[in-house]
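The values are calculated or read from the model by the stated rules, or taken from the named source; none is laboratory data. Remember, it's a predicted structure, so these values are computed and weren't measured experimentally. Glycine also receives a Cβ, built like all others from the backbone with ideal geometry; neighbour counts cover every protein chain displayed. Just the protein is used for accessible areas: all its heavy atoms, side chains included, with ligands, DNA and RNA removed. Shrake-Rupley method; radii C 1.70, N 1.55, O 1.52, S 1.80 Å.
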Amino acid sequence: MKLASLKHGRDGKLIVVSRDLSRMTEATGIAPTLQSALDDWNATMPRLRGLYESLNSGAIEGHAFVEADCASPLPRAFQWADGSAYVNHVELVRRARGAEMPASFWTDPLMYQGGSDTFLDPHGDIAVPQTDGWGVDFEAEIAVITDDVPMAVAADQAGNHIKLVMLVNDVSLRGLIPGELGKGFGFFQSKPSSAFSPVCVTPEELGSAWHDNKLHGPLLSHLNGGMFGKPDSGVDMTFDFSQLIAHAAKSRPLGAGAVIGSGTVSNKLNDGPGKPVSEGGVGYSCIAEIRMIETIEEGAPSTPFMQFGDQVRIEMLDDNGKSIFGAIDQTVVQG
């Protein structure tokens, strides 16, 4: 089943989207918003699935689906926690600044609590006051949405609470991160609003691409029209989503509609740093990673961060080359 939210008020208007992303129909007779549907998922899910099946079969004609009409599936959420499940990415960050990575990073996930009161539209601009010194970067990731998760849920049970899967651009301001982390109190100004894919998808809809509580397949990132990265999101993921959810719920319950991110998707190459697509590698899911490798190999980074007018597109395709979630397609503007 595929769901989305049309831009409407603060919390959007819930729609069901056809499997091929060509048609849509409003689902407000079942639940006005996606958050409302998640609040009573056991009751709303069967009805939404019936609507989805009718749309796919042609029993309901629906209307043309336009990605640009969508807000993020949850335009705002009660909880947004982003992990760092691809430890290869973390290791590169630390190597670039000459720091050893603690052994515990391989057994205990990193996670931060992001701002969830405003998510960007998937085709909306990334507005920042300035780019100079701020290090505007994209981060292509996978995210899941849960139902109510009890406190201290076991990792082998946490996967049962995954109800929807989507893509995310976790926008980062790299130039602001060192000063914030140096205070010893975590991210805030350096992590502005994120954007999510136009469509979110139930795990079973993903077929063989979803197993072991991971989404498998190349996550495509284009920067200014050129292929920047295509790492496989199911490879080199040290912590799966069940482990990330259990980590987030260790000392608190998670409410329905909690969003949990994977962190930047990152693949190794022969147990070493990956290579750019232009050199036969799978590339990267953020600019910071190629800058880390440039620093390690050349002594200094040469790839610039995003400037005003730069555009990023994040997408995942199925085996037939069709978009699964629609595309995050954003441009950096001054605002």
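Numerical summary
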quantity	calculated
The stretch 14-92 and the stretch 232-286: distance between their alpha carbon centers, rounded to Å	22
Solvent-free Debye scattering, log10 I(q)/I(0), computed from the Cα coordinates of the stretch 1-132 at q = 0.13, 0.14, 0.19 Å⁻¹	-0.72, -0.78, -1.03
Calculated P(r) of the stretch 1-58 - Cα pairs past 13 Å, %	54
Taking the convex hull of Cα positions in the chain, its mean projected area over all directions (nm²)	16.5
Average accessible surface area per residue within the chain, 1.4 Å rolling probe, Å²	42
Among R76, R252, R174: highest mean-square fluctuation, GNM of the chain, C-alpha pairs under 10 Å	R252
For the stretch 220-321, diffusion coefficient by Stokes-Einstein and Kirkwood Rh (Cα), 10 °C, 1.306 mPa s, µm²/s	101
Under 16 Å from the N320 label point (7 Å along Cα→beta-carbon), backbone N, the stretch 195-209	205-209
Förster-model FRET efficiency, 45 Å R0, S302 and K250, C-beta, rounded to 0.05	0.65
Within the accessible area of the chain (1.4 Å probe), percent carbon and sulfur	49
Rounded to 5, percent antiparallel among DSSP beta bridges of the stretch 116-248	95
Computed label-point distance, nm, for sites D117 and A103 using a 7 Å Cα→Cβ extension	4.3
Per-residue HN-Hα couplings for the stretch 46-51 [Karplus 6.51, -1.76, 1.60; θ = phi - 60°; Hz; x = Gly/Pro]	x, 5, 5, 5, x, 5
P(r) of the stretch 183-239 over all Cα-Cα pairs, binned every 5 Å from zero, in whole percent	4, 13, 14, 19, 19, 16, 10, 4, 1
Whole-number D in µm² s⁻¹ for the stretch 154-217, Kirkwood Cα-pair radius fed into Stokes-Einstein, 37 °C, 0.692 mPa s	227
